[in-house]
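> Take this structure first; my questions come after.
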Amino acid sequence: MTPSGHRRLILTRHAKSAWDDPATADHDRPLNGRGRRAALELGEWLHSRGYEPDQVLCSTAERTKETWTRMAAAPLEVTPKVEFVPALYHAAPDVMMKYLSKATGDCVLMIGHNPGIAEFAARLPARVPADPDFHRYPTGATLVVDFQIDRWSAIKAGSGSVLDFFVPSGRD
């Protein structure tokens, strides 16, 4: 739950994808076993901290959709509005900003791909996390940022306050 006059963004890179079939198109690659475990761990982590989105903006790639499905398997208090956005597939930061600025939720989860998502994550907060994994934004990396704005169209780069940064282990 976000306070009035605030918006929260949860920015997640998809979990680890499978590379075992070279004939599979990049867009169609699913998660591997580690990725499936990590996505579930992400959902449990978000829920345990009360970071529950009321809107999800997700790339249409199989690995991002599966990341969301597994994240949502954790017991959520809120049922978010989920939108699969073709333009978020390997999107640059300006495309992500365009879609975020049109968002209607108070707490938005965006699931995308590197390198764009790492660049976008670095642009948003006033100060980035000190975590050494932040700049490489490994699979499953998740940044939680609050903004003191009433609507997403008012978002500005460098204006967010980092609440959390997490990278799931994805281990058994």
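The values are calculated or read from the model by the stated rules, or taken from the named source; none is laboratory data. What you see is a predicted model; the values in this text were computed from it and never measured. Here the Cβ is made from the backbone with ideal geometry for all residues, glycine too, and neighbour counts use every protein chain on show.
> Look through segment 75-102, keep the residues that are outside any helix (DSSP H, G or I) and among the basic types (K, R), and return whichever of them is surrounded by the most Cβ atoms within 10 Å (Cβ to Cβ).
Out of the qualifying residues, it is K81.
> For a quick check of your reading of the model, give me the residue pairs whose first member lies in segment 48-62 and is over 20 Å from K102 (Cβ atoms), whose second is among the aliphatic types (A, V, I, L, M) and not in a strand (DSSP E or B), with beta-carbon atoms closer than 8 Å and at least 6 apart or on different chains.
G50/M1; E52/M1; E52/L46; E52/L76; E52/V78
> Going by the conditions given, is G160 touching a Phe, Trp or Tyr at 6+ places or on another chain (Cβ under 7 Å), among the small types (G, A, S) and surrounded by 15 or more Cβ atoms within 10 Å (Cβ to Cβ)?
yes
> Among the residues of segment 1-54, how many are under 25 Å from E77 (Cβ atoms), crowded, with 19+ Cβ neighbours inside 10 Å and of a type in the set (S, T, N, Q)?
Selection size over segment 1-54: 1.
> Across segment 132-149, which residue is surrounded by the most Cβ atoms within 10 Å (Cβ to Cβ) among those that are over 18 Å from I111 (Cα atoms) and at pLDDT 95 or above?
Here the residue is F147.
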